[in-house]
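Engineer: So that we are looking at the same thing, I have put the structure below in structure tokens.
The values are calculated or read from the model by the stated rules, or taken from the named source; none is laboratory data. Everything numeric here is computed off the predicted structure, so don't read it as measured data. Neighbour counts run over all protein chains shown; Cβ positions are idealised from the backbone, glycine included. Please note that ligands, DNA and RNA were not included when accessible areas were found on the heavy atoms of the full protein model with its side chains. Shrake-Rupley method; radii C 1.70, N 1.55, O 1.52, S 1.80 Å.
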Amino acid sequence: MKSSVGFILFLSFHLFLSLPYPSLSAHAKCNAHDKQVLLEIKAAFNNPYHLASWNPDVDCCEWYALDCDRNTGRVIALTIFAGNISGEIPPAVGDLPYLQNLMFHKLTNLTGQIPSAISKLVHLRELTLSWTNLSGPVPSVLSQLKNLIILDLSFNDLTGSIPPSLSELPNLLGLHLDRNKLTGSIPDSFGRFAGNTPDLFLSHNMLSGPVPKSLGNVNFSIQIDFSRNKLEGDPSFFFGKNKTIQFVDLSRNLFEFDLSKVEFPNSLTYLDLNHNKVFGSLPVGLTELNLQFFNVSYNRLCGQIPQGGKLQSFDSYNYFHNRCLCGAPLPACK
């Protein structure tokens, strides 16, 4: 459930990019320059069996893991996943000038840093480098990819801080930096994205400090996941009657605020605050929400759990280890 919304959006967008381009003419043959670059990439990966179809005697638009524009023959998608690919991403990937989708996914032997040459891919709409062993920093030059809709660098070994310049991406809908080793604070600039306010996935890192108050000035339309960091302070500005956010996971941090004073948007269906320092009582307004998931365990809450809505549909596990919460599904108040 936790990542279902983000996964559905990701899958839908990827399927959209995979749709064939309509054309009344025959499929154009692969561009000679692109073909040469692809052979350089294959050689840099030591000619793996996974890319055995990359035969120089065959039109490269017919090769595995590639898509070409039907009219021009230029390579527009390079998507390699779940294969035995070893080595580092070669800078040559930056020499495919019409690339719109670059994906290296579930390649556990892919190592090294993210090459800055990727910033030359000005037509890129989706960049997915996930579930690999890439290390080093998140390159700030990725902010030059103004057409990016999805930036997914999740499940790697990336270190250092989050570049504030990523807020300069005007078309971004989803930013996935989760499951890395990132440190420092969330950039204040993330409250001032140049265009859309993207869904933010920052969980399972080592981020610290308070969430910038600037993030309260924007409206996250679907999802934020800041779980399993060392963030602190009062992030209740994410909520409010005028917000439209649906999924909020702030669990396993050091957040400390009075929950009884929070007004929640009617759109909220998923709220996880477990393992923080949240105090006060549960507001009655929670009974008005169509909650599909709710967890406030391991906090400092008190008082009776409001009756009604979906609050009694969750078991005691979602409420226990608080200071003095009581009422169904916990034991009755004394």
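Engineer: Out of curiosity, is L96 in contact (Cβ under 8 Å) with a residue 24 or more places away in the chain and either more than 27 Å from P187 (Cα to Cα) or touching a Lys or Arg at 6+ places or on another chain (Cβ under 9 Å) (or both)?
Structural biologist: Values: in contact (Cβ under 8 Å) with a residue 24 or more places away in the chain: yes; either more than 27 Å from P187 (Cα to Cα) or touching a Lys or Arg at 6+ places or on another chain (Cβ under 9 Å) (or both): yes.
In short, yes.
Engineer: Filter segment 183-196 for residues that are open to solvent by less than 50 Å² (accessible area, probe 1.4 Å) and out of contact with any Ser or Thr (no Cβ under 7 Å at 6 or more places or on another chain); which is modelled with the highest pLDDT?
Structural biologist: Step by step, filter segment 183-196, then rank; the result is I186.
Engineer: If you don't mind, there's one more thing I want to ask. Please list, ordered by first then second residue, the pairs with beta carbon atoms under 9 Å, 6 or more apart or interchain, first in segment 300-315 and more than 23 Å from F255 (Cα to Cα) and small (G, A, S), second in a strand (DSSP E or B) and open to solvent by less than 70 Å² (accessible area, probe 1.4 Å).
Structural biologist: S313/F294
Engineer: Still on this model: Which of the strands (runs of 3 or more DSSP E) found entirely inside segment 205-308 contain at least 1 residues meeting this: surrounded by fewer than 18 Cβ atoms within 10 Å (Cβ to Cβ)?
Structural biologist: Numbers: elements: 206-210, 223-225, 230-233, 247-249, 270-272, 293-295, 300-304.
In segment 205-308, the matching strands (runs of 3 or more DSSP E) lie at 206-210, 230-233, 293-295, 300-304.
Engineer: Follow-up question, since we're still on this one. Among what's in segment 66-118 and is of a type in the set (S, T, Y) and over 21 Å from the mean Cα position of the chain (by Cα), pick the residue that is nearest to I149 (Cα to Cα).
Structural biologist: The extreme case among them is Y98.
Engineer: Tally time: how many residues in segment 144-159 are farther than 19 Å from N109 by Cα, open to solvent by 10 Å² or more (accessible area, probe 1.4 Å), among the hydrophobic types (A, V, I, L, M, F, W, C) and part of a loop (DSSP other than H, G, I, E, B)?
Structural biologist: 1
Engineer: Tally the residues that are open to solvent by 10 Å² or more (accessible area, probe 1.4 Å), of a type in the set (A, V, I, L, M, F, W, C) and assigned to a loop (DSSP other than H, G, I, E, B), restricting the search to segment 43-62.
Structural biologist: Total satisfying the criteria: 2.
Engineer: Determine, yes or no, whether A82 is under 25 Å from N47 (Cβ atoms), surrounded by fewer than 21 Cβ atoms within 10 Å (Cβ to Cβ), touching a residue at least 40 places away in the same chain (Cβ under 8 Å) and among the hydrophobic types (A, V, I, L, M, F, W, C).
Structural biologist: Answer is no for this residue.
Engineer: Could you tell me which numbered condition N101 fails, if it satisfies all but one of (1) of a type outside the set (A, V, I, L, M, F, W, C); (2) without any contact (Cβ under 8 Å) to a residue 60 or more places away in the chain; (3) farther than 20 Å from H204 by Cα?
Structural biologist: Condition not satisfied by N101: (2).
Engineer: Tell me, please, whether a residue that is of a type in the set (D, E) and open to solvent by 20 Å² or more (accessible area, probe 1.4 Å) can be found in segment 125-143.
Structural biologist: At the first step, the residues of segment 125-143 found to be of a type in the set (D, E) are 126.
Now drop any that are not open to solvent by 20 Å² or more (accessible area, probe 1.4 Å), which leaves none.
Looking through segment 125-143, none of the residues is of a type in the set (D, E) and open to solvent by 20 Å² or more (accessible area, probe 1.4 Å).
Engineer: Is segment 242-265 home to any residue that is in contact (Cβ under 8 Å) with a residue 40 or more places away in the chain, of a type in the set (A, V, I, L, M, F, W, C) and under 23 Å from V218 (Cα atoms)?
Structural biologist: Yes, there is a match, as at least one residue in segment 242-265 is in contact (Cβ under 8 Å) with a residue 40 or more places away in the chain, of a type in the set (A, V, I, L, M, F, W, C) and under 23 Å from V218 (Cα atoms).
Engineer: Among the residues of segment 164-174, write down those that are assigned to a loop (DSSP other than H, G, I, E, B) and open to solvent by 10 Å² or more (accessible area, probe 1.4 Å).
Structural biologist: Correct list: P170, N171, L173.
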